[in-house]
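The values are calculated or read from the model by the stated rules, or taken from the named source; none is laboratory data. Predicted model only: the values in this text are computed from it and were never measured. Positions of Cβ are generated from backbone atoms using ideal geometry, with glycine treated the same way; all protein chains shown enter the neighbour counts. SASA here: full protein model, heavy atoms, side chains in, ligands and nucleic acids out. Shrake-Rupley method; radii C 1.70, N 1.55, O 1.52, S 1.80 Å.
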Amino acid sequence: MNICGVELKSNEAIICLLSLRDGLFNIPECRVRRLSLADIDSRQQLQEFQFTFAKLMADYKVDQVVIRQRPGKGKFAGSAAGFKLEAAIQLAEGFDVELLHANDIKEALKRSPLAIPFKDTGLKAFQESAFTTAFAYLNR
């Protein structure tokens, strides 16, 4: 199963690909680590973001996209731009999308902690949340 973990921060989607085959995890190389949107109010740019994201998922044969869910209100609430990006990803075709709450991620990591330190994965530090989201989804 090929999976893409996504963390949304303001006007960008940080992604991490992860696959599970025969009980072994693999982190494939990806040509893109984040997708940004310059003008969140532009319909054309939002459609381009959606097309680019869907094309990337098709190119890497991703079966499931897992988005780290953000609170709708409160101190750590997601921005309006982030919710637009989330909707664009959810409405794209060709793959399933699921939201994973932070508490579910913590529980999954508690039951199945990472076998190696994150810095040994070869990913960039800013991809850690996207990676843990995908890892937790595969281990829940």
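Residue by residue through segment 1-31, note down the ones that are under 19 Å from Phe126 (Cα atoms), in a loop (DSSP other than H, G, I, E, B) and small (Gly, Ala, Ser). Across segment 1-31, the qualifying residue is only Ser10. Test Asp39 against the criterion of being assigned to a helix (DSSP H, G or I), of a type outside the set (Ser, Thr, Tyr) and either modelled with pLDDT of 90 or more or open to solvent by 70 Å² or more (accessible area, probe 1.4 Å) (or both), and give yes or no. The answer is no for Asp39.
Working only within segment 62-82, note down all residues that are free of Cβ contacts under 8 Å to residues at least 40 places away in the same chain and out of contact with any Pro (no Cβ under 8 Å at 6 or more places or on another chain).
Going residue by residue through segment 62-82, those that are free of Cβ contacts under 8 Å to residues at least 40 places away in the same chain are 69, 71-77.
Answer for segment 62-82, where residues must be free of Cβ contacts under 8 Å to residues at least 40 places away in the same chain and out of contact with any Pro (no Cβ under 8 Å at 6 or more places or on another chain): Gln69, Pro71, Gly72, Lys73, Gly74, Lys75, Phe76.
Looking at this structure, is Glu48 in contact with a strand residue (DSSP E or B) (Cβ under 6 Å, 6 or more places away or on another chain) and at pLDDT 95 or above? Criteria not met by Glu48.
Which of the residues that make up segment 79-128 are polar (S, T, N, Q), open to solvent by 80 Å² or more (accessible area, probe 1.4 Å) and closer than 27 Å to Thr52 by Cα?
If we filter segment 79-128 for residues that are polar (S, T, N, Q), which is where we start, we get 79, 90, 103, 112, 121, 127.
From the residues that got through so far, the ones that are open to solvent by 80 Å² or more (accessible area, probe 1.4 Å) too are 90, 103.
Gln90 - this is the single residue of segment 79-128 that is polar (S, T, N, Q), open to solvent by 80 Å² or more (accessible area, probe 1.4 Å) and closer than 27 Å to Thr52 by Cα.
Selection of segment 90-123 for residues being closer than 27 Å to Gln47 by Cα, out of contact with any Ser or Thr (no Cβ under 9 Å at 6 or more places or on another chain) and not aromatic (Phe, Trp, Tyr) yields Gln90, Leu91, Ala92, Glu93, Gly94, Asp96, Val97, Glu98, Leu99, His101.
Whether any residue in segment 43-55 is of a type outside the set (Asp, Glu), assigned to a helix (DSSP H, G or I), under 21 Å from His101 (Cα atoms) and open to solvent by 50 Å² or more (accessible area, probe 1.4 Å) is what I want to check. No, segment 43-55 has no match at all.
Just one of the numbered conditions (1) assigned to a loop (DSSP other than H, G, I, E, B); (2) surrounded by fewer than 17 Cβ atoms within 10 Å (Cβ to Cβ); (3) under 15 Å from the mean Cα position of the chain (by Cα) is not true of Gly74: (3). Applying the criterion of being among the aliphatic types (A, V, I, L, M) and more than 13 Å from the chain's Cα centre (by Cα) to the residues of segment 16-30, the residue that is most open to solvent (accessible area, probe 1.4 Å) is Leu24.
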